[in-house]
Each structure stands twice: as C-alpha cells, then as structure tokens.
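The structure appears below as structure tokens.
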Amino acid sequence: MSDMHTLYAAFAAKIAAALAALEKEAQLPAGISHAAVSVEPPRDPSHGDLATNAAMVLAKQAATNPRALAEKIVEKLSADPAIESADIAGPGFINLRLADESWREELRAIAALGADYGRSTLGTGRTVNIEYVSANPTGPMHMGHCRGAVVGDALAALLEFAGHDVVREYYVNDAGAQVDVLAESVYLRYSEALGVAIGEIPPGLYPGEYLKPIGQALAGEYGDKYLEAPASEWRGLFRKRAVAEMMALIRADLALLGIHHDVFSSEAELQAAGKPDQAEAWLRQHDLVYDGVLEAPKGKTLEDWEPVELPLFRSTRFGDDQDRPIRKSDGSWTYFGADLAYHMQKAGAADELIDIWGADHAGTVKRIKAAVAALSQGQGKPIPFDVKLVQMVQLLRGGEPVKMSKRSGNFVTIADMVEEVGKDVVRFTMLTRKPEAQMDFDFAKVVEASKDNPVFYVQYAHARIRSTLRKAEAEGLAPSPANVERLGPDELALVKLAAQFPRTVEAAAQAREPHRIAFFLYDLAAAFHAYWNMGNDDSGKRIILAHDPELTGARLFLGQQIGQVIRNGLALLGVEAVEEL
RNA sequence: GCGCCCGUAGCUCAGUCGGAUAGAGCAUCGGAUUCCUAAUCCGGGGGCCACAGGUUCGAAUCCUGUCGGGCGCACCA
C-alpha cells in the first residue's frame, strides 16, 4: 500500500506538481533542488491546515523574492478543488485550507486501512538489523538493561511499520572471562547441593541465589562425578550449561516486557568459526592492524600498568583517542576484536545495522564504527551503521534513590519491576523521554494511576471510546460512514490531528526516535478528552444522541477511527490498548 | 587532562531536515459532574530556551568558546 494514500503525502505531491508546472512555463529554473521544501501543519491552526515553505527555500535559487514566487505557486494551487484557500503569510509561507471533504476522505481511509493505517513504504526493500539488550548471560535482567531493551524493541516495531524488514538480534557474550566466572560460581552451587559447606561466596564470583537450582540440577544429573575433578574436566560443561540456563532466564524476563528476538548469536560460535581471525588477516593486509604498544592512560595513574605489545587496530585514523587492541596478551580475543567480526557477520545479511547500547559504553563507539566502516568499505559493501546510546536511568522511590549493591547480588530486576508497576507502565514511561537524555524512574510516581502518568491518560481515551461504542450498541446504534458530512469543525479537528499519524510514523522512523509516537498519542488522547468534555457542557455535543441516529452514527464512526489510530500507535510501543480502565 | 551525552516555566519534559506569538503535564490560583467513564475538561499567573560570540531573510534548533550536570577513559564487557 502506497503512502500516497495519506493526506499529507498527497498534498506534498500536489505542491510538487505545481512547482513542476512552473518549471515547464519557465517561471522557475529547471533542475533546482526541492529537497528543502516541506509540507507540514502550521503550529497555529488559525493559519490553516497545511503550510509549505516552498517559496522561501526556492526564492534564492530562482533569483526572485519569496512573496513573488509564492504568488505564482498559489495561482497553481488555487485551481485544485480540494484546496479551499491558499494564502501567503509572513515572510512567504503558503497556508492552505483544505476542503472538508478531504478530511472526511481521510476518516474513511483510516476505517479502510484499519491496523495498517500509518504503515509506510519508506523502508521497502531494506533489511535493518537491530541489536539490542545483549546483556551478559550471567544473571537475570536488571534495571540497567531495561531502557535499552524497550527503546530497541519499540524502534524495531517502528521500522517494521515503516516498511523495513527488521531483524531483532541479541549478541550472547558467552566467550569472555565472565562466563568462566559464572561456571565457577555454578560449580560452587553444585558442591553445595552435594552437601559441601561452601560458606560465604568468595568475592569475584556471582553470589545470586538464582544459580542454586542449576547447581542442584547438575548434582542430580552427575552426582559427585566432578566434585574432586580438576576444573579442566568440568569447566566447559558447566559453562555451557550455565549460559543456556541464564539465557532461558533472560528470555523469560524479556517476555515479561513483551520482547522477543529473532536471532541469538553466540560469541563463542563466532570465534570457533574463525570469523575474528579472518577479519584480523584482512585488516593486517590493509595496514589497519599492527603490533604495537599502548601509552599509559593519561587521566589516572595505574600502579600495575606495564607496556605490552598487542595487535592494535588503527582507530586513531578515525578520530579515536588511541589505537585499540583486538587480542589480549594471552592471544585470546578482546571484546572489540570479536565484536568487529560479529558486525561483519550481521552486515552480510542486512542493508543497515543499528546497535542500542548503554551510555556507559559510549567510549567504544568510535572504534567499532571505524572498524565496521573500514571492513565493509574494503569488502565492497559499505553499510550504514548507527549506534544509539541510551542514557542512564536513576531509580527512585518517593524521591529517594533505590539502593543497589552489586556485590551482594541485590539489584532491582526487570521481573520485580514488571510485577510492581506492570509492563505497560514500564514501557510507556521509558518511551516518554528521548533516549539520549538521562531520566528518573520513580516507583511511587509511576504507579499513581492518574497524576503524573501519561500511560493511563492515553489508555483512558481508548477505553472511553470503546465504552461508548459498547453503550451505543446496547442501544441499537452503530457507527456508520454514511453521514460523515454532518461532522462539524470540532470533529474534523480531531481528524486533522489523527491524520498526522502516518507522517509522525515516517518522521519517527527516519529519526529513529520511537518516543515521538508516545508524544503524538498523548496529544491525540488530549484532543479526544477535550472533545468528550464538550458533551458535559452541551448535551447536544454528546456522541450518543438517541433522537438523531444519523449524527450518532457519524460520531461513533469518528470515535471508532480515533480509537483505531490510538491502537495502532500503542501497538508500536508494545503497550496494550485496554477496553476499560 | 581527553572523549561522548545533556542544559527550555518552581519541578518533570516536548519542540518536525532552521520557520510565523517557544508548548504540555505536575505544582499554584479560579471554574465545570441531574448527562456517553471527572483516571476527564475549561481558564489565570509563571520563560534573557545555561552564558558569550558566529552563520542567514529567519536560530531553542547549525558552528566556536565558556560554565554546570551525567557517563566513560590499558589486553572489562
């Protein structure tokens, strides 16, 4: 389905046609760029329904002044019956007022497209791989993972709705030192299950209770077979088993948030397949990796620092502070060394890559972007690659910071959080802020069902609509498009707002900012609540009017479509559109 | 010391590839409920868009610098 079905796109096309006609008549020079021409609703509704800056941005190239050019454009547009008026305002804006029928047509379009209203062809034919969460498989998901998980998931849904093929991917870091520590921690629980007194968990190991069941399961399966055995005999087995169990735990936590990935990629498998070796060989051939010694860090003094020769990637060529090691001194891969190979693997099956990272990894963005650029260009398939950084969330309860201690394994888990405030509140709250700004998450505020909480506000608007439709049905009244011409200005104003949904989807997808959907829904809900309350002051403005089934049908139809748009938007955010509150 | 992110109303935040008189919620003050869900609505007050320069027809938005907050800064991930 073409995005030309939406009203804003259709009028952008009309303006383009007017400009083309002027070119043909040599009123405009041919071949000038129209890229800066925009068609948007003016901030002030009294200016009209649509405004374009075409005359202002083209005047210089056309060697004329904006108002003179605007007059010519207006002349062309005025011929269109869908355009009721076209006026020139301010420095050269062209304000258009559309015929009411245009808005009624859009209302019918919402009904016809239903759940597909707002879907775009923007990304058709492009596969985007979006990697998010990728938490280490060493324990349950905690709050530190939550925002990135929600933002990544909403972005994936948004890009999909905008026409892209989307691959939701999770990188399982099952090859580093941390999973050996995990294996040891599980071994301790295994011993414990066999009756060994383990006492305090030694520092450096994972102390969480969640490892106990794995130790017990292993004790049940293997008895005391590994109790006296050297680590070399059990480490691999325990590691593999522990990672599998942790990933099951993590998937369950993600499911609580409504998040499901398409692909889980294992770092260990990547290394076993020799991908990092291949990348290193190529980089060395092209003098992008060399053996060298790093300088001591500047900002702080490290007592145990000593110079070591390592294979270094020349990230300084790409604006990084220093070159970065791809292997450790024992020959094993650094995270970065494996990660660059991993990104090439992803690039093989996608046209674009997006990573969602926590802000604490900001320092590593330059090196990975540099490596991906170098490798993908060198291999003849340069790939757009975007790293979105998600800022920290400060957890509060009634204004006081929630204390967390990593050492004791005492942290706020996602499971706790979803249980306490609910999936919808967690998701919506995380999406009502732009990701690159820090945010506070206050348990006390967020569960207040009315005050500070936009989730309920939007859901309430939807619930009101559904409730009205139920009540009307009980009275034998049904929504109908038959008499939409009886809808008045207050009602068409709602349509005008809802009609911005498709362009909001496209703008949000292009900017990769799912939070714009959340704010749009808030505005639409507010407009509906205001409309609703008109019926409190003037009973003639209520939706259900027993004496006038035709007008009632038209208003119910309007409400039905507003509800549809709210549902479509909430679906992108992964928030439920409730029937009642 | 260096890098990245942020700085908009008392508080929490929006602000469309630069566009017309900078918006919303909370808080505060004043109103609306015999009536489709008042978990809602209507109205008032509240701003040197951190500061200083620059770019241009036009800057909260782009550039430079300063100040303030956060995050990070050897073979951790």
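Considering only region A:307-321, I want to know if a residue exists there that is assigned to a strand (DSSP E or B) and in contact (Cβ under 8 Å) with a residue 60 or more places away in the chain.
no
In the set A:169, A:200, which member is open to solvent by 30 Å² or more (accessible area, probe 1.4 Å) and acidic (Asp, Glu)?
A:200
Being of a type in the set (Gly, Ala, Ser) and modelled with pLDDT under 95, is that true of even one residue in region A:452-461?
no
May I ask you to list the residues in region A:85-129 that are in a helix (DSSP H, G or I) and closer than 20 Å to residue A:490 by Cα?
The answer is A:100, A:101, A:102, A:103, A:104, A:105, A:106, A:107, A:108, A:109, A:110, A:111.
Taking residue A:341 as meeting all but one of (1) at pLDDT 90 or above; (2) open to solvent by 40 Å² or more (accessible area, probe 1.4 Å), write down the number of the exception.
Unmet for residue A:341, out of (1) at pLDDT 90 or above; (2) open to solvent by 40 Å² or more (accessible area, probe 1.4 Å): (2).
Can you find a residue in region A:538-556 that is within 30 Å of residue A:422 (Cβ to Cβ), near RNA strand B (Cβ under 8 Å from one of its atoms) and either open to solvent by less than 30 Å² (accessible area, probe 1.4 Å) or touching a Lys or Arg at 6+ places or on another chain (Cβ under 8 Å) (or both)?
The answer is yes; a qualifying residue exists.
Show the residue pairs that are 6+ apart or on different chains and have beta-carbon atoms under 6 Å apart, the first residue being within region A:485-510 and aromatic (Phe, Trp, Tyr), the second being assigned to a helix (DSSP H, G or I) and open to solvent by less than 50 Å² (accessible area, probe 1.4 Å).
Correct list of pairs: A:501/A:565.
Okay, residues lined up against (1) acidic (Asp, Glu); (2) exposed (fewer than 13 other Cβ atoms within 10 Å of the Cβ); (3) within 32 Å of the chain's Cα centre (by Cα); (4) closer than 16 Å to residue A:174 by Cα:
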{"position": "A:230", "(1), (2), (3), (4)": "no, yes, no, no"}
{"position": "A:245", "(1), (2), (3), (4)": "yes, no, yes, yes"}
{"position": "A:254", "(1), (2), (3), (4)": "no, no, yes, no"}
{"position": "A:257", "(1), (2), (3), (4)": "no, no, yes, no"}
{"position": "A:270", "(1), (2), (3), (4)": "no, no, yes, yes"}
{"position": "A:280", "(1), (2), (3), (4)": "yes, no, no, no"}
{"position": "A:284", "(1), (2), (3), (4)": "no, no, no, no"}
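Test residue A:206 against the stated conditions and say whether it is surrounded by 13 or more Cβ atoms within 10 Å (Cβ to Cβ), aromatic (Phe, Trp, Tyr) and in the same structural domain as residue A:353 (by TED's automatic domain parsing).
no
Restricting to region A:482-511, what's the tally of residues that are near RNA strand B (Cβ under 8 Å from one of its atoms) and either surrounded by fewer than 18 Cβ atoms within 10 Å (Cβ to Cβ) or of a type in the set (D, E, K, R) (or both)?
Residues flagged as near RNA strand B (Cβ under 8 Å from one of its atoms) and either surrounded by fewer than 18 Cβ atoms within 10 Å (Cβ to Cβ) or of a type in the set (D, E, K, R) (or both) within region A:482-511 amount to 4.
What are the pairs, 6+ residues apart or on separate chains, where a residue within region A:557-581 that is assigned to a helix (DSSP H, G or I) has its Cβ under 7 Å from a residue that is within 13 Å of RNA strand B (Cβ to nearest atom) and among the polar types (S, T, N, Q)?
Listed by first residue and then by second, the contacts come to A:559/A:468.
Return yes when residue A:329 is at pLDDT below 95 and near RNA strand B (Cβ under 8 Å from one of its atoms) and no when it is not.
Here the answer is yes, as residue A:329 does meet what is asked.
Which residues, counting only those in region A:512-528, are touching a residue at least 40 places away in the same chain (Cβ under 8 Å) and either open to solvent by 10 Å² or more (accessible area, probe 1.4 Å) or of a type in the set (Asp, Glu) (or both)?
A:512, A:513, A:515, A:519, A:520, A:522, A:526
The values are calculated or read from the model by the stated rules, or taken from the named source; none is laboratory data. Since we're looking at a predicted model, the values are computed, not measured. For neighbour counting, all protein chains shown are included, and Cβ atoms are generated from backbone atoms with ideal geometry for every residue, glycine included. These area figures cover heavy atoms from the full protein model, side chains too; ligands, DNA and RNA do not enter into them. Shrake-Rupley method; radii C 1.70, N 1.55, O 1.52, S 1.80 Å.
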